[in-house]
1. May I ask you to list the residues in region 124-141 that are touching a residue at least 40 places away in the same chain (Cβ under 8 Å), in contact with a Lys or Arg (Cβ under 9 Å, 6 or more places away or on another chain) and of a type outside the set (Val, Ile, Thr)?
2. Scanning for something under 15 Å from the mean Cα position of the chain (by Cα), open to solvent by less than 40 Å² (accessible area, probe 1.4 Å) and closer than 20 Å to residue 152 by Cα, does region 22-32 turn up at least one residue?
3. Could you check region 1-20 and list, in sequence order, the residues that are closer than 23 Å to residue 61 by Cα and either in a loop (DSSP other than H, G, I, E, B) or not small (Gly, Ala, Ser) (or both)?
4. Among the numbered conditions (1) in contact with a strand residue (DSSP E or B) (Cβ under 7 Å, 6 or more places away or on another chain); (2) among the aliphatic types (A, V, I, L, M); (3) surrounded by 14 or more Cβ atoms within 10 Å (Cβ to Cβ), tell me where residue 37 comes up short.
5. Where the second residue is aromatic (Phe, Trp, Tyr) and in a strand (DSSP E or B) and the first is within 22 Å of residue 97 (Cβ to Cβ) and lies in region 142-159, which pairs have Cβ atoms under 6 Å and are six or more apart or on separate chains?
6. Is region 28-48 home to any residue that is over 19 Å from residue 143 (Cβ atoms), of a type in the set (Ser, Thr, Tyr) and free of Cβ contacts under 8 Å to residues at least 60 places away in the same chain?
7. Kindly indicate which of 56, 44 is under 30 Å from residue 167 (Cβ atoms), buried (at least 18 other Cβ atoms within 10 Å of the Cβ) and of a type outside the set (A, V, I, L, M).
8. Across region 72-114, which residue is surrounded by the most Cβ atoms within 10 Å (Cβ to Cβ) among those that are of a type outside the set (Val, Ile, Thr) and free of Cβ contacts under 8 Å to residues at least 12 places away in the same chain?
Amino acid sequence: GAMQAQRIKIISTQDGAGVKMAVDRLHGKQGIEITSAGALGINSLLKKDEPYVQASVDAGTADLKLTSAGDMRLTALALTGGLIDARSSGRLKFDAFTNITTLTRDATADDTWFTLAPGESNARITERTLEHVGNSLVSSGKVRLDASQGIDMVATRIEGPDFVGMY
């Protein structure tokens, strides 16, 4: 779940071998580089009986470089770096998790948005709340997103860069 060092470098070299990580926090003050010879998947860690939260992948003001020879899927991450560079030879997908909360209760006089059926005097209401936990990319320099088979973004915010390039 968590890793902290001056510099973090993870490399998968066997042709087609991918990297799949569920993280809570990666912090490399002097940069983070993850390279995969196959698919690359990084998502926030689900803790038992707790809702999803955004995981931190923090390179500080140094470079954050993610490279994949296959598809790349980034889910519910807060990515931080001076330069954020994500390159995929396949498809690059920024995805989200969804927290669902369900509450069932008796209707009250304040619930005026429905009508009771004839002969009914009370009702039970089921309320469902959906919260999407997406991605944020916070850069003090540039953001470069490159994918030969396209880029998909769901619930993703990009903040602060001088330049955002999508290729």
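The values are calculated or read from the model by the stated rules, or taken from the named source; none is laboratory data. Since the structure is predicted, the reported quantities are computational estimates derived from the model, not experimental observations. Every residue, glycine among them, receives a Cβ derived from its backbone with ideal geometry; neighbour counts consider all protein chains shown. Just so you know, the surface numbers come from the protein's heavy atoms only, side chains and all, with ligands and any DNA or RNA stripped out. Shrake-Rupley method; radii C 1.70, N 1.55, O 1.52, S 1.80 Å.
1. 134, 135, 136, 137
2. No.
3. Of the residues in region 1-20, the ones closer than 23 Å to residue 61 by Cα are 1-11.
Once the filter is applied, which keeps residues that are closer than 23 Å to residue 61 by Cα and either in a loop (DSSP other than H, G, I, E, B) or not small (Gly, Ala, Ser) (or both), region 1-20 yields 1, 3, 4, 6, 7, 8, 9, 10, 11.
4. Only one criterion in (1) in contact with a strand residue (DSSP E or B) (Cβ under 7 Å, 6 or more places away or on another chain); (2) among the aliphatic types (A, V, I, L, M); (3) surrounded by 14 or more Cβ atoms within 10 Å (Cβ to Cβ) is unmet by residue 37, namely (1).
5. Hits for this filter: 153/94; 156/94.
6. Of region 28-48, the ones over 19 Å from residue 143 (Cβ atoms) are 29-30, 36-39, 41, 43-48.
If we keep only those that are of a type in the set (Ser, Thr, Tyr) as well, we get 36, 44.
Adding the requirement that they be free of Cβ contacts under 8 Å to residues at least 60 places away in the same chain leaves 36.
Taking every residue of region 28-48 in turn, at least one turns out to be over 19 Å from residue 143 (Cβ atoms), of a type in the set (Ser, Thr, Tyr) and free of Cβ contacts under 8 Å to residues at least 60 places away in the same chain.
7. Matching residue, one of 56, 44: 44.
8. 114
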